[in-house]
Amino acid sequence: MDNGEWTMDNGEWTMNLEDYILAHIDPEPDYLHRLWRATNLHLNYPRMASGHLQGRVLAMLVHMIRPKTVLEIGTFTGYSALCMASALNPDAVLHTIEINDEQEEFTRPWLENSPWADRIRLHIGDALEILADSPPALPIREGAVCSEQASAFTESSVIAPSQKFPSPTGEGLGVRLGGESPFDLVFIDADKRQYVDYYRAVLPLVRPGGFIIADNTLWDGQVVTVPEGSSSMKRHSVPSAPEGSSPHNGKEAQLQGILAFNDLIAADPAVERVILPLRDGLTLIRKLP
């Protein structure tokens, strides 16, 4: 166990609270630690990856829920997908969707070379199109890190990053998995401006009693310093920003997406919900039976 780093402050030994937490939870698996280091060395915005603490929380939640089919919207480096896949039963599967095709060159090898590759299916494209009942106008690349369970693929059909081909059945992912509610767990960590659209798209695809987890729902605390005119001002007393200022560092659209999502979830009678103040905010949503 890493005992963390103690520092002297005003005559007292202190430790950063997150360091203390990390020193008292399960260690980060070596493969994920190497991925975390590579992310920080080679990619912009490495903080977008879940990291040690949130990764252990996701793995624990998967252990508790015991899903057979998981959907992730927003793969990035694959860190969160690997955390969840590591906790799945061997016969379970995780579908992860990444819209940025340039990210695939980095991410796919980390998924393919992981100890949990046979549980992961990587899809490149727009999640809303991939999930839709009708195929998009343009073909999407639908790679399987392991194609064993995809009957339309052969062993040689694990695709290279440059290849493209349409859905094998001409149907959306939810339909191809069979049934109206194929997912036991959905993790949303993608474009914040589309959180409401993602939620509306996946809720019908989650089985009754299933779960949706949404990341970044406190948006670095900015949800409680919303700009004048926001719908969330109905519940918060917020001073107006000085004229000409930009209180949200150019991320107003993402903030508005998070606020709209949080308001929608809070008012939805079809679900139970709780927000955990973990990192940037993690919302747990249970679809009522």
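Miscellaneous remarks
- For residue 72, distant residues with modelled amide H under 5 Å away: 95, 96, 97, 187
- With all protein chains modelled, accessible area of residue 12 [1.4 Å, Å²]: 120
The values are calculated or read from the model by the stated rules, or taken from the named source; none is laboratory data. For clarity, every value in this text was computed on a predicted model and none was experimentally measured. We work out accessible area using only protein heavy atoms, side chains counted, and drop any ligands, DNA or RNA first. Shrake-Rupley method; radii C 1.70, N 1.55, O 1.52, S 1.80 Å.
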